Structure formats: structure tokens, C-alpha cells
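Notes to accompany the following structure.
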Amino acid sequence: MKTVKSDMSEVLLNVENIAISFGGLVAISDLSFNVYKGEIVSLIGPNGAGKTTAFNIITGFLKPNSGSITYRDKSLTGLAAHQVAKYGVVRTFQKTSVFDGNTVIENIMMGLHLNGRCKVWEVLLGLPRVSIENTRLEERALEILDLVGLSNRASDMASDLAYGELRLLEVAIALAAEPALLLLDEPASGMNPSETASFMKTVSKIRDEGTTILLVEHDMRMVMGISDRVVVLNQGEIIASGTPKEIQNNPKVIHAYLGYGDEDA
Amino acid sequence: MSRWISILWLAFLFSIPLWMIDLYVLHILINTGIFVIAAMSLNLLLGYTGQLSLGHVAFFGIGAYVSALVSLGFDLELTDTYTFVFDAKPVWIAFLSGIIAAGLFGWLIGRVAFKVRGAYFVIVTISFAEVVRLVSLNWIDLTEGPMALNNIQPFTLGIPNLWEMTLYQKIPNYYLVLVVAIVCYILIRRLVHSRIGRAMIGLRENEPLATSVGVNVTHYLVIATVISAAMAGAAGGLYTHYFRIIDPDIFLFIYTVTMVIMVVSGGKGTLAGPIVGGIIFGLLPEILREFAAPEMQWIIYGIAMILIVFFLPDGIVPALKNWWKNHRSKRTDSAEMDAGT
Ligand SMILES: Nc1ncnc2c1ncn2[C@@H]1O[C@H](COP(=O)(O)OP(=O)(O)OP(=O)(O)O)[C@@H](O)[C@H]1O
Ligand SMILES: [Mg+2]
């Protein structure tokens, strides 16, 4: 296993001055930040701060009113969600989101969509390369299940999984799309402390295998334990950013979380 | 296990003409087979991508009309001085033309309709079928309108000018329908077990998630519509050259409804569902006709439908699969208990 350490010289994702409002509600007023290659960055903030909305904008599920998103010198602004995935930027969803009516391994196979190459006509003709590819994808799916620790559930229905396992399955589906940048939206919510602890190891492992991670999470033990950098969002604006230690001692952050007025923050 | 079941089924289906001497029964089977193909094609769209096309009969009818017209030849007075003459073509070419034409319309409808989804898709497809029906009714120069296209050639088999056989009889027509049905079945099975089919199922199950892993939703919906429409067109072509007469009534809404009932009762999104549903609701009216008054037939038909949908909401095939799974796990449970004591 090769280890990729955070390399602050290469900007992977550049979010610049994004703003969006829904009707009269300003969800994000002006948001800019960078994600460097190989790091784990956490985006935290109280409920309604605009974290999920930021994810939706970065991954093409929402169009910002203004601002730009650049990924490795390529503009993602205005691209459709499936195109963003093609570039290697893949997200998970805050609300549990899997392919319910399918088995666990089928879920991963669906996530492997971009890994497959076979065309419609090749499939219809039943060319040998189609079944070769299918076998390859199946093997890859098993590897991914192994990575997140769900191998023993491969042939069970997704709907039969326990809550903590479902959350792992979601991450596994996203991993199947081979992200260079993985955006996790509260992946540990609903996990018990021991599940969270082992999930933290999994996330570190994913990063060590070369995937940069942008994390939204309310579990502070996880955020502080795993992040290289933390960005704090409040009411659609960044109020602080720095190492976990710096953030923990930042009075603005403490105020935002304890719910004091914004003026003195 | 399931392989043996398929082989037995095929052997049974291929053997029917050998022992079934009642030609009327064969006629019913041919008719049912044509509808089974149409239902299978609808299932690709309704069952696997989850899009309800309530104008599916349009593709069936387009296949039927195009195939008929190409095989008959036609001429169109385009201006006072110029008449476009289209010479009659061999039936096989006509049949393929019908498939291609239906597929092209599928592409068109797919492009237009998937910009608007859900209820709008249903409305676009219904309207499309109605427009096609009105065209076939009113473009009398081309379609003869309500007078119908008559004397359509049946299929021929063999090498032109050397040895040819014209399929007037029931038995060869039965085999023809059976072979086309098997080909459609195999194509659909290949598709749904591939990454293409997984993309379709994925967007049915959870569209945002499918999108987030890179599935281009419109692209796969259009592919599904094109293949589905082409297969419905093939069913229409079989219909044309077997019955040898078609009129605009082929586009009636009730036929789409029949296909939907076949798919839903058999089990949408399963390979065997439309076959089981198609056989039941293809044969039922014929069986009922033997011993029930016309009003009774429709009442029984309706009751059968309601019972199936009410008691087996997922359809017959998924219900049977579940039953079989429970039955088996119960057996292994008791076997383990026996071993334990
Ligand atoms: N599609 C939408 N339409 C209208 N309002 C929206 C929409 N999406 C988000 N919002 C609003 O934007 C604000 C930011 O929401 P967002 O979901 O991004 O918060 P969050 O930081 O993810 O919060 P949480 O921690 O609760 O998940 C909220 O006030 C929310 O109600
Ligand atoms: Mg959120």
C-alpha cells in the first residue's frame, strides 16, 4: 500500500465565491476554499449552515447563483452531476441512499458504472468481452466490499442491512465510482461509537490509497481525530479554518456552536 | 436448476405443434405470442427503467403499418405533377423496416419525453399514440384509413428464386413467433444483466444516487426506449404479416392497457413476468369465450386482474420466487434442526 501524504502544493478543488439562495433565503452568501491533494478536510458548522448545499453545488446537483468551482484546472461550474462524477468527484448523501431493491454486491456493481466500457451493441450481441468485463467488475466489487468490511453481506439485500452497515454501503458505492475526490455527507451519523471508530480507520485507509476527502460530519471526535484541516461554516459563510487544534480553541467557532449572537462572533 | 426449467419450457413450446392438432388453438397461441413480445418490450421500459409509457401501442402499430406498406408498396401524389412511387419489397425487408421505423420513433419520443418526466412522460406517450392513430385514420392516400390495408403478404422463408416457402399456415407462423420471442427474451436478458441494464435499474431505484456515480440518465432512458420500441415494432410486424390486414384500430388505447396489465400482473422488472402475464391475459379471453357470455367475459377478466393486483401487488413471478425462497429456507431450517437433535 503506498501512502500519499497531504501535499499542500497541489490544489485539487478550488471553490471560489459561490453564492446561492432559495427564494429569499440565502443558503450560502460567499464561500471560497481549497482542497489540496491527499488531505482530509472537514467542513463543519451548525444545522442549516449550508454544508449539504455546498456539496450539491460542487457535485452538479445544484447550480450556484454565482461563483466558480475548479477541479484540477477544469471548471466544474454548470456541469451535470453525472459529468462531475466522470471527472472523479463523487459524493455521498446525508439521508441514507442506496439501491434498496438490490443485493449489496449489485449495489456496488451499479456504482462501478464508469469502470465498465461495454457498448449497447456489444451487450446485445453477447460478445465474450461483455462477460469478461462483468467478471472483472464483480471481482472489483468484492475488493471494495472488503475494504469497507461488508464482504460477509455481499449477497444480502440492501434493505436487510443494519443502519451502520447501510452507511458503509453508501461509502462503498461512492468508492466504486473511483473518486479522486470523495465528498462524504455525515457518513457516521447513526453509527455507534465502535462503528465510528472503525469507520475512521476505513476513511484513513481510503485516503492512504490516494483519495482526497472532503468530510461533513457532526461527530466532533471523528472530525478532530481524522482531519488535516477543518473549515467552519456558519450561516453560509466561512468563519474559521485551520488545523483541528486551532479550530477547537477558536472563540468564533465555540460561539457559533453554542449559539451566541453573530455580532460578537 | 433454472437452466433445466428453461430447457423444459423450450422443449414444451417447440413440441406444441407436434401434438396440438386443433389449429384454432395454434392461432390463439400465435396471437398470444405476439402480445407476449409486446409486453416484454414494454417491460424493459416500465419494469426496468420505471417509466410508464401509456402510448406503447404506437410503436407496435408503427411497426405494423410500416412493414405492411413496405411489403405492399405505395404511391403518394406529392404535387399535381409528381407522384412518389415506392415499389413493393420482400417481406423480410419490410419487417426490418418496421423495426427500424419503430426504433427511430422511440428515439424521437425518448429525446422529447425525457426532458419532461413522470406524469408528463405519460401524457406525451399517450398523445403520441393518439396522433399516430389519427394520422393512420386520416392519411387515406397512404393507409386507406378505416378501409384498412388488405392482402398483406405473409412471411416467406428460403432463398428467392431458388426455393421459397410462404408462411400461410399456422404451424410455421407459430414457430416464427416463438423464435422472435426467444430472440427478444435473450436480448433483454443480456441487457439487464449488463452495466447498461444496471444503469437502468439504478436510475429506477434511486436516480440521484445513480447520477452521483456517473449514470447519464437521459442517455440510458433513450437507449431503453429505442430498444423497447424496436421490439414492439417487431411484434407489430409479426401481427401484420400473420393477420394480413390492419386498420387504425390497432392504435387503440385498450391495447396499451392490455400490455400494461400483462406486465404488472406477471411482475414488472422480471424477465419471466411479461411472459406469464402475457400468457394468462392472452389466453383468458379466448378460454372465456368458449363458455361465457360476452359481458361475463369482461367481468371475469376484470376480477382476475383485480385479484392479482390486490393479492400479489408485485406480480405473479416475484410472488412465486418469494414463496419458493421461504419454502426452501424452511426446509433447510428443519434439516438443520433434525441434524441438531
Ligand atoms: N432545495 C432547497 N430549497 C430550499 N431551501 C433549501 C434547499 N436546500 C437547502 N435549503 C436551505 O438552505 C439552508 C442550508 O441547508 P443545508 O442543508 O445546506 O444545511 P446543512 O449545513 O447541510 O445542515 P445540516 O447539518 O442540518 O445537514 C437551510 O436553511 C435549508 O433549509
Ligand atoms: Mg446537511
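The values are calculated or read from the model by the stated rules, or taken from the named source; none is laboratory data. Keep in mind it's a predicted model, so treat the numbers as computed, not measured. All Cβ positions, even for glycine, are placed from backbone atoms using ideal geometry, and neighbour counts span all protein chains on display. Each accessible area value is taken on the protein alone, full model and side chains, heavy atoms only, with ligands, DNA and RNA left out. Shrake-Rupley method; radii C 1.70, N 1.55, O 1.52, S 1.80 Å.
Antiparallel as a % of all DSSP beta bridges within the protein assembly as shown, to the nearest 5? Antiparallel: roughly 65 percent of the beta bridges in the protein assembly as shown.
With protein chains left intact and a 1.4 Å probe, residues in the protein assembly as shown average 47 Å² of accessible area per residue. In the complete set of protein chains, residue-level accessible area for B:D247 is approximately 50 Å², probe 1.4 angstrom.
Relative to the current alpha-carbon distance between B:S6 and B:L23, full extension at 0.36 nm per residue lengthens the span by 3.6 nm. Residues in segment B:1-43, backbone N under 19 Å from the label point at B:A304 (7 Å along the Cα-to-beta-carbon vector): list them, ranges by number please. In segment B:1-43, the label zone of B:A304 (backbone N under 19 Å from the point 7 Å along Cα→Cβ) covers B:24-40. Between B:T79 and B:I171, the FRET efficiency estimated from the beta carbon spacing at R0 = 35 angstrom works out to 0.15. Between helix B:217-243 and chain B there is an angle of about 60 degrees, using the helix long axis and the longest principal axis of the Cα atoms. When nucleic acids and ligands are ignored and a 1.4 Å probe is applied, B:I21 ends up with an accessible area of around 150 Å².
Distance from the Cα centroid of segment A:128-149 to that of segment B:175-199 is 23 Å (rounded to whole angstrom). Taking chain B as a Gaussian network of alpha-carbon nodes connected by springs under 10 Å, the highest mean-square fluctuation of the residues B:W139, B:W92, B:W19 belongs to B:W19.
Taken residue by residue and averaged, Cβ atoms of other chains lying within 10 Å of the Cβ of A:98-105 number 3.
With respect to chain B, whose longest principal axis is taken over its alpha-carbon atoms, helix B:91-113 is tilted by about 70°. Applying 1/(1 + (r/R0)^6) with r as the Cβ-Cβ distance of B:I93 and B:K325 and R0 = 51 angstrom yields a FRET efficiency of 0.60. Ordered from largest to smallest accessible area (heavy atoms of protein chains, 1.4 Å probe), the residues B:H219, A:H113, A:H255 come out as B:H219, A:H255, A:H113.
Relative to the first principal axis of the alpha-carbon coordinates of chain B, what is the inclination of helix B:195-205, with its axis defined by its Cα atoms, in degrees from 0 to 90 and to the nearest 10? Between the helix axis and the principal axis of chain B, the angle is about 70 degrees.
What nm distance separates the two modelled labels at B:V116 and A:V26, each placed 7 Å from Cα along Cα→Cβ? Reported label-point gap for B:V116 and A:V26 is 3.7 nm.
Heavy-atom accessible area with a 1.4 Å probe sorts A:K74, B:K170, B:K330, largest first, into B:K330, A:K74, B:K170. B:Y185 sits with roughly 70 Å² accessible to a 1.4 Å probe, with DNA, RNA and ligands left out of the calculation. Considering all C-alpha pairs of segment B:27-256, those separated by over 30 Å amount to 27%.
For the chain pair B and A, the buried solvent-accessible surface (1.4 Å probe, both sides summed) amounts to about 2400 Å². Counting only other chain Cβ atoms within 10 Å of each residue's Cβ, the peptide A:106-113 averages 6. Sorting A:E217, B:E207 by solvent-accessible area of protein heavy atoms yields B:E207, A:E217, largest first, with a 1.4 Å probe.
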